[in-house]
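As structure tokens, the structure follows; a few thoughts come after it.
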Amino acid sequence: MKFGLKSLLASAAMAAALICSSAIANAADIRIIAVTHGQANDPFWSVVKNGVNAAAKDMGVSVDYRAPETFDMVSMGQLIDAAVNQKPDGLIVSIPDASALGPSIKKAVAAGIPVISINSGSDVSKELGALLHVGQDEYTAGKAAGAKLHELGGKEGICVNQEVGNVSLDLRCKGFADGFGGKVTVLPVSNDPADVRAKVKAALSSNTAVDTVMALGAGTAGEPTLAAVEDVGMTGKIKVATFDLSADFLKAVADGKAAFAIDQQQFLQGYLPVVFLANYAKYGLIPGGNVPSGPNLITKEKAAQVVDLSAKGIR
């Protein structure tokens, strides 16, 4: 009887070890789905996707990256619901609108799917049930940018917002206005660079007192803003800064045609959640809190170093 019990315990321990070993060895069986609001024409989100793909390769897991074709919360909610129905081992989501996406995210949590939020939604991530958030505090980043532009002599500015209604971008503009201290007007635009250029040009032409422009995305809004400033003959006279990076905007910073860019290191926003969820599925390990990926101000002194990595889709 005693011998039988020992044998039973030994057999159980061996079976558990084999199961654990099998689970750890079969990383390829781990399936993760990422659903973000980033559109295909936005260079920022291509860097996030590059991070996702790099982590999937490094961790040996399967990751499916999905996003709506436009900034559409109904479509994004449907994509999250579809992901939940597939019962992945982990779900990565951005949360630009908690009221619209919250029910879908809560469904995932209720189904026992580990969720990590990225980029937007740091203020609501925990209450929706996510394990943690990877990103930057948008209001704080905007405020730091506004304070810097005020320090550079700015008195009246515009905030070029390509996704009005996206809470994260709205917080960037609010932070910018609070940090800047002078008069700030929000200029709603689309994700079309030609539309951004035309509207910024019109805004600058109609109000010559504007001496500062804050863009909320380098490729989508920052570069067209620089073109608009050139169109009105004010290159180097109107201070232009942007959130996020692109190779061309960084070259403008290095050349003194733009003030700075704010790097939130979005590659990490794609990369780290895959690593975290893969380790959570294998070992039950997860960081104990949110992970800040930014902000870092890239000024003229730093810009040249970052240009090459930006062109490669890493910064």
Considering segment 237-263 alone, what residues qualify as being in contact (Cβ under 8 Å) with a residue 60 or more places away in the chain, assigned to a loop (DSSP other than H, G, I, E, B) and in contact with a Lys or Arg (Cβ under 8 Å, 6 or more places away or on another chain)?
245, 259
When you go through 109, 124, 47 one by one, which is the residue that is in a helix (DSSP H, G or I), within 17 Å of the chain's Cα centre (by Cα) and surrounded by 16 or more Cβ atoms within 10 Å (Cβ to Cβ)?
47
Look through 228, 258, 203 and report the one residue that is touching a Leu at 6+ places or on another chain (Cβ under 8 Å), farther than 23 Å from residue 143 by Cα and buried (at least 17 other Cβ atoms within 10 Å of the Cβ).
228
Filter segment 127-149 down to residues that are outside any loop (DSSP other than H, G, I, E, B) and of a type in the set (D, E, K, R) and give me whichever is farthest from residue 183 (Cα to Cα).
138
Report the residue count in segment 65-97 for those that are open to solvent by 10 Å² or more (accessible area, probe 1.4 Å), more than 26 Å from residue 192 (Cβ to Cβ) and touching a helix residue (DSSP H, G or I) at 6+ places or on another chain (Cβ under 8 Å).
3
Residue 191, sole failed condition from (1) part of a helix (DSSP H, G or I); (2) open to solvent by 20 Å² or more (accessible area, probe 1.4 Å); (3) among the polar types (S, T, N, Q):
(1)
Considering only segment 264-307, how many residues are of a type in the set (D, E, K, R) and either in contact (Cβ under 8 Å) with a residue 40 or more places away in the chain or not in a helix (DSSP H, G or I) (or both)?
2
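The values are calculated or read from the model by the stated rules, or taken from the named source; none is laboratory data. In this text the structure is predicted, and so the values were computed from the model without any measurement. Quick reminder, even Gly has a Cβ in these numbers, built from the backbone with ideal geometry, and neighbours come from all protein chains shown. Keep in mind that these areas ignore ligands, DNA and RNA; they rest on the heavy atoms of the full protein, side chains included. Shrake-Rupley method; radii C 1.70, N 1.55, O 1.52, S 1.80 Å.
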